[in-house]
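Colleague: Structure incoming, see below.
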Amino acid sequence: MSDAPDSVAQLTAVTHKYGDVAALDDVSVEIPSGCMAGLIGPDGVGKSTLLALISGVRTIQAGSVHALSGDMHDKRHRRHCFNRIAYMPQGLGKNLYPTLSIYENLDFFARLFGQASQERHRRIGELLEATGLAPFPDRPAGKLSGGMKQKLGLCCALIHDPDLLVLDEPTTGVDPLSRRQFWQLIDRIRARRPNMSVVVATAYMDEAEEFDWLAAMDDGNIIATGSPSELKSKTSTDTLEAAFIQLLPEHKRSRHKHIVVPQRTGTDGQFAIQATGLTKRFGDFTAVDNVSFDIERGEIFGFLGSNGCGKTTTMKMLTGLLPASAGEARLFNRKLNARDMQTRRRVGYMSQSFSLYGELTVLQNLVLHAHLFHLPDDQREDRITELLQRFDLHDVQDNKPASLPLGVKQRLQLAVAILHQPEVLILDEPTSGVDPIARDDFWQLLIELSRDEGVTIFISTHFMNEASRCDRISLMHAGKVLAVGAPQDLADARQAASLDDAFVAYLEEAITGSEPDAPDTTVGAETTDAVADVHQSSGAFSIRRMWAYASREAKELLRDPIRLAFALLGPIILMVTFGYGISFDVEELPYAVYDQDKSHESRQLLENFSSSRYFVERQPITEPGGVETRLKSGELKFAIEVPSGFGKNLLKGEQPEVGVWLDGAMPFRAETARGYIQGVTAQYIADMSTRQSGRPVSVSPVSIETRFRYNQAFKSTYAITPGCIMLLCILIPAMMTAVGIVREKEMGSITNLYSTPVTRMEFLLGKQLPYIAIAYASFISLCVLVMLVFAVPLKGSFPALAVGALLYVWATTGFGMLVSSFVNSQIAAIFATAILAMIPTMNFSGFMTPVSTLGGGAKVMGAMFPAPYFQQISVGSFTKGLSFPDLWSNHLYLAGFGMSFFLIATFFLRKQDV
Amino acid sequence: MLQRTANIFRLGVKELRSVLADPVLAILLVWTFTFAIYEVAQNAKMEISNASVAIVDEDRSELSRRIQDAFLPPYFKPAVEISGSEIDRSMDTGKFIFVIDIPPGFEADLLSGRKPEIQVNIDATAMSVAGTGASYIQTIITSETLDFLNARGSATQLPLDVVVRASFNPNLNSTWFMAVMQIVNNVTVLAMILTGAALIREREHGTIEHLLVMPVTSAQIMIAKVWANGFIIVVAAGLSLTFVVQGLLQVPIAGSKALFIAGAVIYLFSITSLGILLATMARSMPQFGLLAIPVFVVMELLSGGTTPMESMPDWLQTIMQASPSTHYVSFSQAVLYRGAWIDIVWPQMLTMAAIGCVFFAVSLFRFRKAIVNFS
């Protein structure tokens, strides 16, 4: 492959599959450098995959990908590229950290690129200035509007002056004003750095009109390349949208019909939905602010606005999902009552994200919902068949939704929403991310529903062409409705050429300083020396990058008071409960006697029992079956049966027998009770012999001196509380780290591992450090508790304990990271950690059962876990009075575990997405 | 009514499909109810079993050898002979729990009627075996010396004979106990996590919200979760009881298995409700994990299934009455060992049901708000 200087990336015969579905099918393309190159096409045609391959965040399956004059298959080249390519994934603020502030997010990325403190500060200042984010550096990323999130995302991508900027649908879901600002920003950056190549995927054809070069994609193939004007002239069309449809293969194109919205005929003036002064507050944040509108029956009412402007919240209030903080919502002229099942039957709702069951097939989903809406048995099948037909779902009825393109999934969701023939449909951004043809198909269905069946449709969207098809629309921004009216009227009112311009005009009027426009400064006073510095890339372990992750993780943890409280207070509460609760000191055993003799001798014998502090006497047993019944119920732990004639036989020296029945259901308690009973009996015999002959008789010919070592009082506390430290320092730290990596996978921020120079080891260790610190703090608090509250003295060496604990929490947090590195969902992570950590720790660590008595698989399972080694250290240094010379091998084992967990987790973690 | 039942049934079937579709969950479920139960029951015993003993034989007489040989499996591992200087080190490292020191001239002193002293060192940090082990060792030494003396015709007879028999579990075999308690423990952990996490997952995926706009009530959604997840665990526990506990571990079950299952159903109602309750309190999966751990660890360790209930301070015993696991442990012990029938265990069953109702009612109260606000 030649390194053509005019191409920034080249793909040759690239095929990429997810399961059986090919996202890219033998694609070969050259993307020109130094310009704005765009990928256009529907959702699910492979745009994201292609961008991810170029950026090196995804593993190449087949074919070759070259970017920046190097093979992306080559690990060394990829490492080199981390500093030259910036990748911004799809989704608003997907790779940002919501609890971190704007400044902290940027600082995190700057550290990942190894920038020193001064340089970081300077660059962040410049970027914030250029993007207009400078006035609010301390605002958390999670609280930004969609447009601001994308600006911040762009800043994060530009922090290291990349040569190639890869943007995956950066403006999807952003309001038109922010979208314009975003592209102006990109233009200014390009003016400043003309050599930078930009590759963008977009669903907005109007944006693509401005690009220098385009590749149109369909079904994993590139169907055309060239400049926008080339594409248009090739297809003899005058808009890119029309050109794209012309470029599609025949069978798809033929399906497409131009959408014509028939006029509404005759209204009855009745309202289906009425909102009056609707307001929703979350804490001190007002999501929806005094929103009012009325929707007539049979009307298509559009709700226009950016992500996060309150559209979804308003819709949720109208479905009764969210109670309104103020104001009133009325459906069919009745005040909305969330508990009213009859109203629910008249409304169909489609939420923004796919909310059907991914584990059920298309047909199963339809059947489930048909049942839930109680369609009569004889109609159910017909209705489902009809819907499968009408929504063109026949071919996929046995597929699971996860394997279907978004457009098909949305059709399924609409089918489910209208299954019960509702009078009102509330649709929350049903066409977001859906390709133009599928979108038009979808609209055709909506128009039929509205015009032919008189269904009222309340739909939110951020596509202007869709908005113009509505009977009336409402423009919304930052929780407020800016205007309501027919699309043409709104445009006319602002003398705007298009609805888009009108919306921008309304937005500009509404925004008075809260989100200032970007100032006209040029971006990034790029200094060549800084570039030279940054572009030095190495795979060696970097403390700075590790620290970036550590401090970020620590900040997130510190800002989650609930997790923090569980991590620190949880163990203390558990220690108190266990310290008192787990006790092997068997006392106050309830028992009863069945005295059939009732002689002086029998009473004397029984007195020895009733005076023992170990036993508590209950009502005596009076009938033969009483012993069994009362033992069975668990009321008694043992029963004494004295046969009649006991006294007489005893005096005669005939060695009478006394029967004691123990409840054997809990062997430990029974064994201990047996020991006590034997002790009491021996005492009785000694007393009796003293009374009779004046000298005690000995039961045993030898004197057995029992020395309870380490714990002379034989109190459970001395053994259990150090064991509890062991238990608590594994369960809670492991659980805290277990969701660490999967959560990043589910939230999307794992991309930063794929697309920046950070190595797997830096990532893992950085994420682990804060948890080690917090687990260690918890360990110290537990030690203090054990020594002060439970008065267990530390007889041995504190350094041995302290070092052991450090190694131990390293290993236990490492265990959580290990689980997290190979599971795929948070639920599995929690499940696996609970089961895998709990069973060996409770049973095979020496906490309950001494390790030396374990056998078979239990011994092996115990030895393969760090718990028993720290149990030795904890009990050893607290109760046995030991120090390093006696315990060092345990320290060595713990260090081994810490290291192995770390290395195995590194092995399982991938530096590229698959 | 019919429609409600139909809804609950349909939603439950959907729930079953979800669990079975996740291979990791399915594998863990099988592992927990087979291998984990077997290993814990068979090898981590709470009675004297396989205990490690060492002997320092300074006498080297016939009697000292007889004592050494008297430590027999399954109670003890064969006694290991060590030297006097090794005592401290070997006990410090936990190699032996018991070290018996037989002094020089032990046998001779005994024969001359001088009542010699024998020293038994016990690692008193091994709480579960130290106490009972000590009395076992005393009995062994005493009976060996008595036999030794008997053979020489100089024994004494005791004035009375106290015969201690253990009902329900004559050999005080803790495999029985551990096996059943392990099932109880696993039922607790799995039912709580399965139900709670399933709810949080549905919330994170938005599917539950979708259900709430349909003609389905929160109570129906919750009951569906309770029955479906409960059903999986009941089947798993029943199979485990039959094939692992009765079959593989050869534990005789005294009472009615049907009654045990009936109790398990009531218990699972309370635990799955608790799982839902915890899920309505957690905002995210990590929080749920952290919330669940203390709850199930306490329920497991302090239910009376690990260490005796009587040993706890009164205030703690009172608190633990609020935990369904306490009642389930005493129910299981009564039914499975003591063969108790419903006339004896109905109070526990009633209490579990009542606690379950409270959990269910509180979660129902929180449900809608928690689902919508946290998502």
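Colleague: Out of all DSSP beta bridges with both ends in the protein assembly as shown, state the antiparallel percent to the nearest 5.
Modeller: 45
Colleague: State, in angstrom, two size descriptors of the stretch A:271-510 derived from its alpha carbons: Rg to one decimal place and Dmax to the nearest whole number.
Modeller: According to the Cα coordinates of the stretch A:271-510, Rg and Dmax are 17.9, 56 Å.
Colleague: For chain A, take the longest principal axis of its alpha carbons; what is the angle in degrees between that and the long axis of helix A:436-453, to the nearest 10 within 0 to 90?
Modeller: On a 0 to 90 degree scale, this one is about 90.
Colleague: For the Cα atoms of chain A, what angle does the longest principal axis make with the long axis of helix A:377-390, in degrees from 0 to 90, nearest 10?
Modeller: Helix A:377-390 and the main axis of chain A meet at about 50 degrees.
Colleague: Here's something else I'd like to know. State to the nearest 20 debye the size of the charge dipole of the protein assembly as shown about its Cα centre, where the only charges are +1 on K and R beta carbons and -1 on D and E beta carbons.
Modeller: 1660
Colleague: Taking R0 as 60 Å, what FRET efficiency do you get between A:Met341 and A:Gln495 from their Cβ-Cβ distance, rounded to the nearest 0.05?
Modeller: 0.80
Colleague: Starting from the Cα of A:Arg253, step 7 Å toward the Cβ, then list every residue of the stretch A:205-219 with an amide N under 11 Å from that point.
Modeller: none
Colleague: Would you give the gap between the C-alpha center of the stretch B:234-289 and the C-alpha center of the stretch A:12-37, rounded to a whole Å?
Modeller: Cα centres, the stretch B:234-289 to the stretch A:12-37: 51 Å.
Colleague: Additional query: Just the number: Rg to Rh for the stretch A:589-693, Cα atoms, Kirkwood Rh, two decimals.
Modeller: 0.96
Colleague: Among A:Gln872, A:Thr461, A:Ala157, whose Cα sits farthest toward the positive end of the charge dipole of chain A (+1 at Cβ of Lys/Arg, -1 at Cβ of Asp/Glu, about the Cα centre)?
Modeller: A:Gln872
Colleague: With each label point set 7 Å from Cα along the Cα-Cβ vector, what nm distance links A:Ala242 and B:Leu239?
Modeller: Each label point is offset 7 Å from its Cα along the Cβ direction, giving 6.4 nm.
Colleague: Binning at 5 Å from 0, report for the stretch A:718-858 what percent of all alpha-carbon pair distances ends up in each bin.
Modeller: Histogramming the stretch A:718-858 at 5 Å steps yields 2, 9, 17, 18, 18, 14, 10, 6, 4, 2, 0 percent.
Colleague: For the Cα atoms of chain B, what angle does the longest principal axis make with the long axis of helix B:174-205, in degrees from 0 to 90, nearest 10?
Modeller: Once rounded, one gets 30 degrees.
Colleague: Related question: In Å, what Kirkwood hydrodynamic radius results for the protein assembly as shown from the alpha-carbon pair distances?
Modeller: 35.1
Colleague: Counting only Cα atoms, I'd like the Rg/Rh figure for chain B, Kirkwood definition for Rh.
Modeller: 1.12
Colleague: Starting from the Cα of A:Trp888, step 7 Å along the direction of its Cβ; do the same at A:Lys795; then give the gap between the two resulting points in nm.
Modeller: Result: 2.3 nm between the two label points.
Colleague: Oh, and also: Please report Rg (one decimal) and Dmax (integer) in Å for the Cα set of the stretch B:257-375.
Modeller: 15.6, 49
Colleague: Testing the spin-label approximation: label points 7 Å from Cα along Cα→Cβ at A:Val576 and A:Gln118. State their distance in nm.
Modeller: Rounded to a tenth, the inter-label distance reads 5.3 nm.
Colleague: Work out, step by step, the length gained on full extension between A:Ser69 and A:Arg603: first 0.36 nm times the residue separation, then minus their alpha carbon distance; give nm to one decimal.
Modeller: 182.2 nm
Colleague: When the Cα atoms of the stretch A:7-256 are enclosed in a convex hull and the volume is divided per residue, what value in Å³ results?
Modeller: Normalising the Cα hull of the stretch A:7-256 by residue number yields 130 Å³.
Colleague: With springs only between Cα atoms under 10 Å, which of B:Ser284, B:Ser363, B:Ser174 fluctuates most in a Gaussian network model of chain B?
Modeller: Of B:Ser284, B:Ser363, B:Ser174, the most mobile in the Gaussian network model is B:Ser284.
Colleague: What list do you get for A:Met787, A:Met317, A:Met726 if you sort them by fewest beta carbons within 10 Å?
Modeller: With the fewest neighbours first, A:Met787, A:Met317, A:Met726 line up as A:Met787, A:Met317, A:Met726.
Colleague: In Å, what Kirkwood hydrodynamic radius results for the stretch A:1-149 from the alpha-carbon pair distances?
Modeller: 17.4
Colleague: How do A:His16, A:His251 rank when sorted from fewest to most other Cβ atoms within 10 Å of their own Cβ?
Modeller: A:His251, A:His16
Colleague: If you take the beta carbon distance between A:Met787 and A:Phe541 as r and set R0 to 35 Å, what does 1/(1 + (r/R0)^6) give as a FRET efficiency, to the nearest 0.05?
Modeller: So the FRET efficiency works out to roughly 0.35.
Colleague: Based on the Cβ-Cβ distance from A:Val616 to B:Leu248, what FRET efficiency comes out when R0 is 25 Å, to the nearest 0.05?
Modeller: Once the sixth-power term is evaluated, E becomes 0.05.
All of the numbers you see were taken from the coordinates with simple rules; none came from a lab. Note that the coordinates shown come from a computational prediction; the quantities given were computed from them, not determined experimentally. Here the Cβ is made from the backbone with ideal geometry for all residues, glycine too, and neighbour counts use every protein chain on show.
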